[in-house]
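Presented below is the structure to which this report refers.
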Amino acid sequence: MSEVFEGYERQYCELSANLSRKCTSASAADGELKKQRISEIKVGIDEAESLIRKMDLEARSLQPNVKAVLLAKLREYKSDLNNLKSEVKRLSLGNLAARDELLESGMADALTASADQRARLMTSTERLNQSGHRVKESRRTMLETEELGVSILQDLHQQRQSLLHANNTERTVQR
């Protein structure tokens, strides 16, 4: 096997075990500490994905008989990483549920606020659509103007060629 692959594999295994421990400790934590641990786990997951990409590149550059074994290991590592991602998602959703519960308990006028927000959103969306339509119309006008300019330049070029030809013919006749 490749020493480079083994080095990446060792790093990944250490990182994966560390992330699993962090997931366990994050599930027991609350509040800001939990948010911090989830953030650390997400950074670790990014690192793990990077290591898996490196292992994949290394494995694909090896002989076919070794490559098959290493790619099978990589599939297991990817599955493991996807499980960690699911766990982090579950932990994050737990935070969101607690936050939503707090927000709902403090908002007696939630329906009124929601209706106001919806109205503002509809107005903003309409303005955005109108602006988009104006941009499209301006673009169409610009393209038409450009086509007209090209046509005028072609006509002028033809007229110039005619004048030059007439001038040359006149000089030839005068000689």
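Points worth noting:
- Neighbours by Cβ (under 7 Å, 6+ apart or cross-chain): first from the range 76-94, open to solvent by 50 Å² or more (accessible area, probe 1.4 Å); second at pLDDT below 90: Glu87/Cys23
- Condition broken by Glu3, with the remaining ones in (1) touching a helix residue (DSSP H, G or I) at 6+ places or on another chain (Cβ under 7 Å); (2) farther than 21 Å from Leu93 by Cβ; (3) open to solvent by 50 Å² or more (accessible area, probe 1.4 Å) satisfied: (1)
- Filtered residues of the range 5-59 (kept if farther than 23 Å from Lys73 by Cα, part of a helix (DSSP H, G or I) and among the charged types (D, E, K, R)): Lys22, Glu32, Lys34, Lys35, Arg37, Glu40
The values are calculated or read from the model by the stated rules, or taken from the named source; none is laboratory data. From a predicted model like this one, the values you see are computed outputs, not experimental measurements. Neighbour counts run over all protein chains shown; Cβ positions are idealised from the backbone, glycine included. Note: areas computed on protein heavy atoms with side chains; ligands, DNA, RNA excluded. Shrake-Rupley method; radii C 1.70, N 1.55, O 1.52, S 1.80 Å.
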